[in-house]
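Trainee: If you scroll down you'll find the structure; I have some questions about it.
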Amino acid sequence: MAEPPVSSDDSADRDWPAQIADTAVRVIEQIRDKTTRPAITIARGLVFGLMALTVGTVAVFLLLIGSIRLVNGYLPGKVWTTYLLFGAVFSLGGILLFSRRKPRSANALSSS
């Protein structure tokens, strides 16, 4: 007599814990991808942006201080001539930027 063939249901029944674990892992990864990863990306952007802003600010101030000391060494007179020169350069830059601004529209003026 021949033995009856083993059904595939027996092997599926023995593998159900692994299937449930795989499903749980897949669902958790999908939830994490939709919630935690965007939050981590935003947090990293904020941290790196603040670091770049801090380093940039320090670099600008150090460059300004160094240039004032450099110009002060080459200009005749005391330090007020350097301050006068830098004040004139920054004032001209401000005037230039102010003249290139776009005026507000009439709607923006009436609503505020």
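Trainee: Please work out how much length the chain gains when fully extended from Arg69 to Ile40, using 0.36 nm per residue of separation minus the C-alpha to C-alpha distance, in nm with one decimal.
Mentor: Residue separation times 0.36 nm, minus the Cα-Cα distance, leaves 6.1 nm.
Trainee: Semi-axes, largest first, in whole Å: what does sqrt of 5 times each Cα gyration tensor eigenvalue give for region 18-101?
Mentor: Listed largest to smallest, the semi-axes of region 18-101 are 57, 16, 6 Å.
Trainee: Another question about this same structure. Can you put Ile20, Ile68 in order of Cβ neighbours within 10 angstrom, beginning with the fewest?
Mentor: Ranking Ile20, Ile68 by Cβ neighbours within 10 Å, fewest first, gives Ile20, Ile68.
Trainee: What list of ³J(HN,Hα) couplings, whole Hz, do you get for region 28-45 from phi and the Karplus terms 6.51, -1.76, 1.60, once you set θ to phi - 60° and write x for glycine and proline?
Mentor: With coefficients 6.51, -1.76 and 1.60, one gets 5, 5, 5, 5, 5, 4, 8, 10, 6, 4, x, 5, 5, 5, 5, 5, 5, x Hz.
Trainee: For Ser105 and Glu29, calculate 0.36 nm times their separation in residues minus their Cα-Cα distance, and state this gained length in nm to one decimal.
Mentor: So the extension gain works out to 22.4 nm.
Computed from the coordinates by the stated procedures, all read-outs in this text should not be read as laboratory data. As the structure is a prediction and not an experimental result, all values here were calculated from the model. When we count neighbours, we look across all protein chains shown, and the Cβ atoms used for this are built from the backbone with ideal geometry, even at glycine.
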